[in-house]
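Undergrad: Submitted below is the structure of interest, expressed as structure tokens.
The values are calculated or read from the model by the stated rules, or taken from the named source; none is laboratory data. Remember, predicted model here, so these are calculated numbers, not experimental data. Here the Cβ is made from the backbone with ideal geometry for all residues, glycine too, and neighbour counts use every protein chain on show. The area values use the complete protein model at the heavy-atom level, side chains included, leaving out ligands, DNA and RNA. Shrake-Rupley method; radii C 1.70, N 1.55, O 1.52, S 1.80 Å.
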Amino acid sequence: MQRRNFLKAGITAGTAALAAGCGSKTEDRGAAQNGEPGRAGARWNIPEFEYAEASIEELQRAQAGGRLTARALAGAYFARMEAVDAAGPRLNSVIERNPDALEDAEALDREREKHGPRGPLHGIPVLIKDNIATADRMETTAGSLALVGAKPAKDAEIVRRLREAGAVILGKTNCSEWANFRSGRSTSGWSGRGGQTRNPYALDRNPCGSSSGSGAAASANLCAAAAGTETDGSIVCPSSICGIVGIKPTVGLVSRSGIIPISETQDTAGPMARTVADAAALLTVLAGQDARDPATKRSAGQAAEDYTAFLDADALRGARLGVVRRLFGRNEHVARLMEESIEAMKKLGAEIVDPVRMDPPGRVGDAEFEV
């Protein structure tokens with residue numbers, strides 16, 4: 001089932017409607033009001049969001065056809081943030097809004113009118129994680145009060161690339177403080193500066209990983225797409241838990257310069273979006289060599305010019321996929337979803353090897369922190 005159909009079906013009884021932006025009337029969501037996750041009887045009046053689940057391609061077509069401007073689109077996403085992130089269910093996924101975003105969008109509208117679009121991200125609103133440097137009026141803190149007021153000298157390379165591609169940076173997303181590398185007992189999505197980000201599908205749960213704000217924001221339609229970072233699971237876990245697409249690129253494909261680091265061998269930034277196509281479009285912009293990050297030299301001759309060129313509806317045909325049932329757990333709802341997923345992959349042409357027996361991981365992960 002496609003994400004859009006899943007949301008429209010309302011499988012998660014109200015929280016799916018929140019993620020999709022459905023429901024202009026006051027409804028009982030049964031959770032999170034006035035900062036109290038899971039409180040029964042909470043009622044919010046969430047306006048219908050015109051651009052719910054809109055893809056980057058759809059937003060570009062609307063702008064190219066004169067039916068939409070970058071300024072209007074950015075303003076609509078800010079209104080959505082106000083209704084869902086700052087009020088109502090209070091997802092708390094955006095730690096700071098860009099005070100220059102609307103002005104930047106207006107400049108891009110003028111540029112489009114005079115010269116045409118720069119590329120597929122022209123006028124497209126994105127959010128970026130708070131450990132990615134911007135040399136503007138926003139903070140770059142990794143969620144820590146210790147870095148408030150410490151201004152970066154220049155944009156991170158991926159921010160420079162986003163601006164060059166015409167993206168409108170709406171703001172920064174909350175993250176697990178110091179990208180979740182501060183304690184063995186930390187909670188995903190919490191930072192001293194930003195507080196706790198909530199999962200848009202289950203408001204009394206965290207969104208997983210350190211790119212938690214980016215995952216929740218993209219899922220709840222607070223931006224067209226978002227950028228996150230990962231050392232170990234911080235893109236792919238919140239993407240999985242929040243029902244979006246996340247890609248952790250091979251280290252060296254995307255520059256890390258201007259991003260608060262953890263591990264030289266594991267850190268990378270990557271795209272987080274509602275569709276595979278949108279994630280591929282964002283990766284196209286993010287990928288590339290950078291003299292400030294020597295690891296990107298390894299991508300010379302390896303990076304593609306356009307990752308959307310690899311989109312293929314028949315990509316699973318002939319793929320051989322193993323099913324490790326011992327890792328499924330014992331939840332009946334999870335089990336049903338796994339069976340449905342296996343059947344869907346079969347119908348798309350994958351060869352399913354079921355079951356696959358794997359020895360316990362043993363000491364494979366013991367050296368992770370040392371690395």
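Undergrad: Between Thr250 and Lys297, what is the spin-label point distance in nm, taking each point 7 Å from the Cα along the Cα→C-beta axis?
TA: Each label point is offset 7 Å from its Cα along the Cβ direction, giving 1.7 nm.
Undergrad: Classify the stretch 245-370: rounded, prolate or oblate, from the alpha-carbon gyration tensor (a ≥ b ≥ c, eigenvalue square roots; a/c under 1.5 rounded; otherwise prolate if a/b is larger than b/c)? Write down the numbers at each step before the final one.
TA: Details: a/c = 2.34, a/b = 1.44, b/c = 1.63.
Oblate, since a/c reaches 1.5 and b/c is not below a/b.
Undergrad: Next up: By a straight-distance test (C-alpha under 12 Å), which aspartates and glutamates pair with Lys297 as possible cross-link partners, with residues fewer than eight away in the same chain excluded?
TA: List returned: none.
Undergrad: Quick one: accessible area per residue over the chain, 1.4 Å probe, rounded to a whole number of Å²?
TA: Working: 17980 Å² over 371 residues.
For the chain, the solvent-accessible area averages 48 Å² per residue.
Undergrad: So if we plug the beta-carbon distance of Ser263 and Ala107 into 1/(1 + (r/R0)^6) with R0 = 45 Å, what FRET efficiency do we get, rounded to 0.05?
TA: Values: r = 37 Å, r/R0 = 0.83.
Rounded to the nearest 0.05, the efficiency is 0.75.
Undergrad: Amide H neighbours of Gly228 under 5 Å, counting only residues 5+ apart in sequence or on other chains, H built in-plane at 1.01 Å?
TA: Amide H neighbours of Gly228, under 5 Å, 5+ apart: Gly270, Met272.
Undergrad: Could you list which residues have their amide H under 5 Å from that of Gly171, counting only those 5 or more apart in sequence or on another chain, with H placed in the peptide plane?
TA: Those lying under 5 Å, H to H, from Gly171 are Asn98, Ile128.
Undergrad: At 7 Å along the Cα-to-beta-carbon direction for both His115 and Ala87, put a label point, then send me their distance in nm to one decimal.
TA: 3.9 nm
Undergrad: Using only DSSP helix segments of four residues or longer, with each worth -39500 (n - 2.57), what per-residue ellipticity at 222 nm results for the chain after dividing by its residue count and rounding to 500? Could you put the intermediate results ahead of the total?
TA: Values: 10 runs with 97 residues, N = 371.
Computed mean residue ellipticity for the chain: -7500 deg cm²/dmol.
Undergrad: Turning to a different aspect of this structure: Express in nm, to one decimal, how much length is gained between Arg363 and Ala319 on full extension, taking 0.36 nm for each residue of separation and deducting their alpha carbon distance. Mind showing how you got there, number by number?
TA: On the way: separation 44, 0.36 × 44 = 15.84 nm, distance 2.94 nm.
Gain in length upon complete extension: 12.9 nm.
Undergrad: In addition: Nearest 20 debye, what's the magnitude of the dipole of the chain about its Cα centre given +1 on Lys and Arg Cβ and -1 on Asp and Glu Cβ?
TA: Numbers: 46 positive and 47 negative charges, 86 e Å.
With only Lys, Arg, Asp and Glu charged at Cβ, the dipole is about 420 debye.
Undergrad: Moving on to the next point. Karplus couplings for the stretch 315-329 from phi (6.51 cos²θ - 1.76 cosθ + 1.60, θ = phi - 60°), rounded to Hz, Gly and Pro as x?
TA: 5, 7, 5, x, 6, 10, 10, x, 10, 9, 5, 5, 9, 6, x
Undergrad: In percent, what relative contact order does the chain have, based on Cα pairs under 8 Å that are 6 or more apart in sequence?
TA: Value for the chain: 13 percent.
Undergrad: Classify the stretch 139-216 as rounded, prolate or oblate from the Cα gyration tensor: take a ≥ b ≥ c as the square roots of its eigenvalues, call it rounded if a/c is under 1.5, otherwise prolate when a/b beats b/c and oblate if not.
TA: Details: a/c = 2.47, a/b = 1.44, b/c = 1.72.
It is oblate, given that a/c is not under 1.5 and a/b is not larger than b/c.
Undergrad: Then there's this: Pick from Arg336, Arg112, Arg67 the residue whose mean-square fluctuation is largest in a GNM of the chain, springs joining Cα atoms under 10 Å.
TA: Arg336
Undergrad: For the chain, set up a Gaussian network in which alpha carbons nearer than 10 Å are linked by springs, and say which option among Ala291, Ala279, Ala226 fluctuates the most.
TA: Ala291
Undergrad: Work out how far the C-alpha atoms of the stretch 136-182 reach from end to end along every principal axis, then list the three figures in whole Å, largest first.
TA: The principal-axis extents, from largest down, are 34, 19, 17 Å.
Undergrad: If you don't mind, there's one more thing I want to ask. In a GNM of the chain with a 10 Å cut-off on Cα contacts, which of Arg198, Arg160, Arg298 has the highest mean-square fluctuation?
TA: Arg298
Undergrad: Go through the stretch 251-264 residue by residue and turn each phi into a ³J(HN,Hα) via Karplus (6.51, -1.76, 1.60, θ = phi - 60°); whole Hz please, and just put x for glycine and proline.
TA: For the stretch 251-264, the Karplus curve yields 4, x, 6, 10, 5, 9, 5, x, 10, 4, x, 10, 10, 4 Hz.
Undergrad: Quick one: which residues, 5 or more positions from Glu351 or on another chain, have an amide H under 5 Å from its amide H? H modelled 1.01 Å from N in the peptide plane, none for Pro or chain starts.
TA: Gly318, Ala319, Arg320, Leu321
Undergrad: Right, next: Counting other C-beta atoms within 10 Å, and keeping those with at most 10, which DSSP coil GluC sites (Glu not before Pro) do you find in the stretch 40-94?
TA: Details: sites: Glu48, Glu50, Glu53, Glu57, Glu58, Glu82; in loops: Glu48, Glu50, Glu53.
Loop-located and lightly packed - Glu48.
Undergrad: Under a point-charge model restricted to the Cβ atoms of Lys and Arg (+1) and Asp and Glu (-1), what is the dipole moment magnitude of the stretch 63-172 relative to its Cα centre, in debye to the nearest 20?
TA: 200 debye
Undergrad: Relative contact order for the stretch 69-122: what percent, with Cα pairs under 8 Å and sequence separation of 6 or more? Walk me through the numbers on the way to the answer.
TA: On the way: 25 pairs, mean separation 22.4, N = 54.
Averaging sequence separation for qualifying contacts and normalising by length gives 41 percent for the stretch 69-122.
Undergrad: Strictly over 21 Å apart at the Cα level, which of Lys151/Lys248; Lys172/Lys248; Lys114/Lys154; Lys114/Lys172; Lys248/Lys347 would you flag in this model?
TA: Table pairs above 21 Å Cα-Cα are Lys151/Lys248; Lys114/Lys154; Lys114/Lys172; Lys248/Lys347.
Undergrad: Rounded, prolate or oblate: pick one for the chain, where a ≥ b ≥ c are the square roots of the eigenvalues of its C-alpha gyration tensor, a/c under 1.5 means rounded, and failing that, prolate if a/b is larger than b/c, else oblate. Provide the component values of the computation, followed by the final result.
TA: Values: a/c = 1.24, a/b = 1.10, b/c = 1.13.
Since a/c stays below 1.5, the shape of the chain is classed as rounded.
Undergrad: Taking +1 at the Cβ of each Lys and Arg and -1 at the Cβ of each Asp and Glu, which of Pro120, Gln63, Leu203 sits farthest along the dipole of the stretch 62-220 towards its positive end, judged by Cα position relative to the Cα centre?
TA: Leu203
Undergrad: If you roll a 1.4 angstrom probe over the protein chains with everything in place, what fraction of the accessible area of the stretch 263-327 belongs to carbon and sulfur, to the nearest %?
TA: On the way: 1880 of 3590 Å².
It is 53 percent, rounded to a whole number.
Undergrad: Could you give the length gained by full extension between Leu348 and Glu48, i.e. 0.36 nm per residue of separation minus their alpha carbon distance, to one decimal place? If you can, show how the numbers build up before the last one.
TA: Values: separation 300, 0.36 × 300 = 108.00 nm, distance 3.43 nm.
Length gained, Leu348 through Glu48: 104.6 nm.
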